[in-house]
Every structure is written in C-alpha cells, then in structure tokens.
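Take a look at the structure below.
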Amino acid sequence: MALTRVGVLATVLGAHFTASKNRVSRELGRFGSVVMAIVVVTLLLTLAIPLLLSFGALGFVFAHSLHYEAAVPLLTLLLGGIAVGGGILSGVSGGAKQLTWESYRLYPARFSSLFLAEIIAGLGDLFPAAFGAATLAVLVGVAVAAPRTLFVAPLVLVEGVVSGILIQLLVSSLASVLVRRIRFAFFVLFFTPVALGAWIDSFHPSPATMAELERAARIAGDVLEASPVGMSTRSLAEAARGSLLHAFELHAIPLASMLLLAWITSRLILIDLAPETHAEGAPGRLWTFDHADAGIAKLSWHTIMGSQIGRFGFIVPLFSIVLIRGPLAQLVGRGSWNVPAAFMYVSLSASSLQLNQFGLDGHGVKCLFFLPIRIEDILRGKMRGLALYQGAQAMVLALLLPLACKVTVNEIVGGLCLAACFFFVQSIVGRYTSVSMPRAISRTQMRASSTPVALVLLGMGLSAASSLVFGGAYTLCQHFAPLALVPVMGGLALAMYVLHDRLTPDAVRYALSKRDKLIEALG
Amino acid sequence: MSVAGLSTEPRGSIALEIDHVTKRFGDKVAVDDLSLKVDAGSFIGLLGRNGAGKSTTLKMATGLILPTSGTIRILGVDIESSLELKRSVGVMPEDMALLEMLTGPQYLRFVGRMYGMPEDEIAKRQVELFEKLDLAPGPKTLIADYSFGMKKKISLIAALIHGPRVVFLDEPFEGIDPVTSRTIKEILLSLQKKGTTLVLTSHILEVVERLCPLIAILDGGKLKAHGTLAELHGAAGAGRSLEALFFDLVGGVSKGDLSWL
C-alpha cells in the first residue's frame, strides 16, 4: 500500500504527539502532571493571557489607526518582529527538528513530506506556540476593529507562523554550520559589531546629515512596506477598506517568499543531515593534574569544547554585543543597562549545561563512577570545568565590550563579578537538577535535547530571580554609587561562592542518593 | 522456522552492486574504490576491524550517506533515485535510530505506517515477532527504558516488519544474550531460505563464519578478500582457519605479554 503525503504527515505528527505525551507522563508522573498543570494555568493567567490581551489591544489600536501613514509600517514591525524575532530566539535555543537523521533517509517517504511534518509538529514547541499565539492575538485585535480583515487574517497568520518556524529551523541549522566553521564565524561576527560600533560612535550628525538620515528612514519605510511581511500587513489595510481582491493579490509575494524560505531551509537541513565523521586530530596531549577534581575539570572542559553546543557558546558574547548595539538599543536606547544585560545574557546561555552537568557525558557518565574518586571530586571538577568555560566566555565579552561601547573598567569588572554570581547560583541549583533530571545532550549536533518541561520552567524562574537580585544590585550601584559597584558585586560573588561551598556536602549526599537515576538515564 | 509476511526474491539476479565506491571524510578515506556484487538471496557478512569501513559501506548502501564517488545499486536501482525501492529494503542501523519516547508497539506502528502497511498487518506481525524474539515489555514501557538487548531486538523487528527483500544489519549481535543471539540467527537463516538477501557487518569472526555462506573482508576501506567460506578456506591454505587468513590479511600480530603482569 502506497503511503500518501497526508499519510506521512499523519504518521509523523501522530508519533510526535504520542512521544510528547509519553515524555510528560514519564518525567512527571501523575502528581507531577497535576503540579505542572497548576503551574501552566498560573503562568497563563498571570503572564500569558495579559500579554496576549496586550497584543490584541495593540492590533485593535493599529486597525483603528490604519488611515495614519505610520500605522501600517508599525504593524509590519510588530508582526514581522514576532515571527522573525521568535524564530531567531527559538532557533538559537536549539531548533525544532525532532526526527532522527536516519528517519529522513530510511523510509519510502519524500523529504518534502517529512520536512512539512516537522514544520507542523514544530507548532507544538514552546516558542512557535508562543509566537503563533501572539500573532493570533494581534490579528484578533485587528479583526475586532475591522471585521473585513477576517478574510485575509488566516493567510497572514499562516505566513507569520510558518515563516517563524522556518526561521527557527534555518537558524538552528545555520548555527550548526557556523559551529563547524567556528574560526570563520568568530572572525565575521567579531569584526561586524566592532566595525559597526566604531562607525556609530564616530558619527556626529550635522543638520544636513540629519535630513539625509530622515530621507534614508523614509526609504527604509518604503522597503519595509515592499517586504513580504509589509505586503502581508498591507493586505489587512486593504481588506479593512473593502478591497478584498487587492488584499488577496498582495499575498502572492509573501507566499512565494515563504516557499523560497522553505526551500532554502530544507537545503540547509539536508547539509546538516549528512553526518560527516571528523578527521582525527593531533594526538591528545598528555593530561597532567595533581588532584582528581582537576582531572575531572580538564575532562569537562574538553567535553564541552568538543561539542557543538559548547563551541557555539563562544559565539554568544558576539550575539550579545550585536543585540545591545542593535535591536535593544533601538527599543530602549543606549544606557547603563547594556553592560549588565550583556553579562547576564552570556551567563544565562550556559544554563542548559549548568542545569544538566552530566548531559554531555552521555554513556560516559558510568566511567566517572568507575573511577576510584569521591563524588565530591566529580562535583568539584564539574564546577571547575564549567567555571573555566563560562569564565572564558565572560572574558571574551569583557574584551569585546570596550570595542563596541563606551564602558569603564569599573563596569567591566563589576560585570565579571555579576557573571560570577550567576555562575555560582546556577551551579548550586545545577548540582541537584543534573542528577534528578538528567538528559543526554548531543555532542555532534545543535539539536534540542528535549529538556524536561520542569527544568525549562525552573531555568526560566532561576534566570528571572537572578536577574532581579544581581542585575538589580548592579544597576542600583551603577546609578547611585558607582565606586561601590565592584566591592558590592565582588562581595555578592564571594557570598555566592561561600554558599556554594557550604552546600557541597548536601549536594554530594543528594548525588549519592540519586546516582541510580543518573546512571539509568544516561548510562 | 519462518516469519509470516516476509517476501521472497528469485535467486540469480544481483541484489547489491557496489561499483568503484569511495567515501572520504575530509582527508580521511573511509572506503577506497570498493567493488562488490551480491546475488539475490545471498547472505554475506562484512568482516573487518574497527574502522575498516564496514559501517560506512552499509550506510552508503542503504542511502544513509552518499558516496564521494562510484555507484551503488540495490535490485538494479540506485537507492537515491527510487522511494519505492526503500519499501524493499530493511535496515538495522549501527546506533539503532529509535524514537525512544515511544513504546515498542507505538514505534513499530510508526515504522509500519511509514512503509504503508495496514494497521492490522502491523499488529499481527508485531505480535509474531515479539513472540519469536521473546520480547515482552510492559504495555507502557518506553523504548528509552528498554535494556540494550531489548533495543537491539526492537530495531531488528523494525527492519523486518515490512517484509523487505534486502536486509542490512549493522552489528546485530553486539550486546545480545546467547539465547536471543540464537533466535536472531534462526530468523536470519529462515529469511535467507525464503530468498531474502542479507548483508551484515560484524567484527566477530565466529558469528560470520557460522552464519554467512559469503564473506567479504575489509581493511583500511579496501576489500581484501571475498568469496564463499570454502573459497576463503582454500585461499588460507590447507588446514588453516578463517581466523588465520583474517590475521594474514589485516595484520594483528600478537604483541606478547604485558610487562607488569
């Protein structure tokens, strides 16, 4: 019996759905599922619903203001920002590809069918679901104000959401390719923000130049209007005016662009799917160390740097520079927030490794427990390996910041102390979550490791709390007592280190009690 | 002993044709100008040390990776050019490639449906294969929680459930207990009797010697020898074993005792 394209879709989607359901039951159990449901409902009521209502209100306001010249470009920015920003954010966090690479090759199904199934299955992921809901909320708001837009709103929704998922897949595949060529990526990403930063800082516009800039902004507005997302948004305005035929005509280019994006993404995924065996490098250097935890630290560093996700971490400081120079500076203006924000962003990017410290060891975790060393040495070694890694990341950022922004040494040293605070807090929590919710992380691919939902929520909560406490302390010092910045942040980092050290015996006891789970899950 | 639903192939035609195939990974040549023909209904074992190129050859033959140069045909067709051909091929990959968050039956349903099989046929064959391989997981046990041997079994079942005409097995006996090993051997021999072409890789000489009428020995990506067991025994010289021939071809001289023992 031949399998139709619809049959492939139904089969893959069914498998994804069943796997997700099984995963939740396995990880949380009945009690955990109830707790998770309560957490999700609470988050929905306190965060998601107000946020979605705000998006709806924005859509309503824009739809009422369509007669103003600026309304369509602004609505375009909003819808485009949700799709493109959401796609990039979720792509950097690991992408949505779920099928094993063998699945793309072994079965008698077209690649395009499997690719389509992956896109649709991607809707069930956290990020696509979030940006899909946000787009829907905006469109509902628009439709309430201008009911005739309902005719084209489904098209706008599909274009936005599908493009977002495609960007997500594109970015995760691109990240994978970039990591394979890390020196090239580093070179390009290093010089771009530095060059841009230097140019912007040396730029003191005269009145004549300001007029030129205004003209350039108008051209940028025209380009935005002519872009696929601009045309898609204009179709809403046309539909609101009653020109339905023209509104539908405007979707020709957005739909064609979406197909082009799908084609480019599928090509990149095909490249990403070819698992090349890496040529053997130079013989390993002889490892020398005086104490077991130093050996484990070297092993951890080696493991992290041998993985794609670990190497990708060294591109993150560059991303943070681009972010604070570009989109964030446009949104909230340049100011004192950028140094702590950059250090926080870089620190948080390593949370997946901190909260799952044995993930990259995979089966190798057994070897750690075969060795005649104490579990305390393993935990200390892991901490030191991660400290080396995150310290190197922070140092890269510290070197880049003066090249891209005007910062003082005081601010940078304060930022390094801030990163240390984040590090110790993540490590304190990570020593518990790493043995209670272990999950293997691929060393050769940038694919998401299907992090348990509970761990994702815990990571988000930890990030928010750390940002509030340590980021808040940094900002207050920077604003009210700049001279106290380094002593206060240094003191906080020291306090976190002491707390980390004091909690080590408890973490050791916990790791011993949960060792079976760790071995069972990874070994 | 036979498994219901597995189709047969008339003997005499070529099931697998590897023609001057080379595979490079960067500077490393994994398979070097390999040519090999396997008749339909044959059972061939690819022998070699770790890194000899066995798994790479199998991955290219099954379309998992593309050769750098040369061509591979299965049943006279380039596997890249025909989706329909994949319906006739069963593969048990080296790392099994299972969807671990599904239960065994759920996974087999997914695989069966991907091959276009009707639901009732999938269920029937699954029950029969589970029984034959003595696989009895709990109804809600996920593959992630299976033992290594159970994962091997489910991977083998997934390779066979659609009744392929050519089956590729990458290290099928690794990590398998002796009882299951014997059952797998019986199933494979039964398939061969029915005309299914079988290609397996192993680095266990005894398994290949006892199971495969045809043997190919690879080393450093090159084909060092191939033929029937009798031909290879003949080549080894009167009274010499296949093991002796293998060591002659691929090296591996005894390095003597350990100095501290």
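The values are calculated or read from the model by the stated rules, or taken from the named source; none is laboratory data. Since the structure is predicted, the reported quantities are computational estimates derived from the model, not experimental observations. Positions of Cβ are backbone-derived with ideal geometry, glycine not excepted, and every protein chain shown enters the neighbour counts. Each accessible area value is taken on the protein alone, full model and side chains, heavy atoms only, with ligands, DNA and RNA left out. Shrake-Rupley method; radii C 1.70, N 1.55, O 1.52, S 1.80 Å.
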So which residues of the stretch B:132-156 lose at least 10 Å² of accessible area, probe 1.4 Å, when you go from the chain by itself to every protein chain present?
B:142, B:144, B:145
Pop the C-beta distance of residue B:13 and residue A:366 into the FRET formula with R0 = 35 Å and round what comes out to the nearest 0.05.
0.15
What distance in nm separates the simple spin-label points at residue B:20 and residue B:185, each placed 7 Å from Cα in the Cβ direction?
4.0 nm
Of all lysine pairs in the stretch B:104-261 that are eight or more residues apart or on different chains, those with Cα atoms under 13 Å apart total 5
Cα axis of helix B:148-160 to longest principal axis of chain B: angle in degrees, 0 to 90, nearest 10?
80 degrees
Gained length - residue A:392 relative to residue A:111, 0.36 nm times residue gap less alpha-carbon distance
97.1 nm
Two-site label geometry, residue B:66 and residue A:244: point separation in nm, points 7 Å out along Cα→Cβ:
4.7 nm
Can you list, bin by bin at 5 Å, the percent of alpha carbon pairs in the stretch A:342-404, starting at 0?
4, 15, 22, 21, 13, 10, 7, 4, 2, 1
Expressed as a percent, the accessible surface of the stretch A:4-69 that is carbon or sulfur, using a 1.4 Å probe and the full set of protein chains, is 76 percent
Averaged over the residues of B:105-112, the number of partner chain Cβ atoms within 10 Å of each residue's own Cβ comes to 3
Expected unfolding gain across residue B:258-residue B:32 under the 0.36 nm per residue rule, minus the alpha-carbon gap, is 77.9 nm
quick shape note, the stretch B:112-184: Cα extents on principal axes in Å, largest first -> 33, 32, 20
At 7 Å along Cα-to-Cβ for each site, give me the label-to-label distance between residue B:174 and residue A:497 in nm.
4.5 nm
Keeping all protein chains in the complex and leaving out DNA, RNA and ligands, what accessible area do you get for residue A:111 with a 1.4 Å probe, in Å² to the nearest 10?
40 Å²
In the full protein assembly as shown, how much of residue A:301 is accessible to a 1.4 Å probe, in Å² to the nearest 10?
80 Å²
On full extension of the chain, what length is gained from residue A:403 through residue A:70, given 0.36 nm per residue of separation minus the C-alpha to C-alpha distance?
116.3 nm
If you take every residue apart from residue A:508 with its C-beta less than 15 Å away from the C-beta of residue A:508, what net charge results, scoring Lys and Arg +1 and Asp and Glu -1?
+3
Ranked packing of A:237-248, A:368-379, most packed first, by mean Cβ within 10 Å
A:237-248, A:368-379
Estimated FRET transfer efficiency when R0 is 45 angstrom, pair residue A:506-residue A:483 (beta carbons, to 0.05):
0.75
Roughly how much accessible area, to the nearest 100 Å², goes out of reach of solvent when B and A pair up, both sides summed, probe 1.4 Å?
3000 Å²
Short version: which residues of the stretch B:43-84 lose at least 40 Å² of accessible area, all chains versus chain alone, 1.4 Å probe?
B:64, B:83
For the residue A:255, residue B:140 Cβ pair and Förster radius 51 Å, calculated FRET efficiency rounded to 0.05 is 0.70
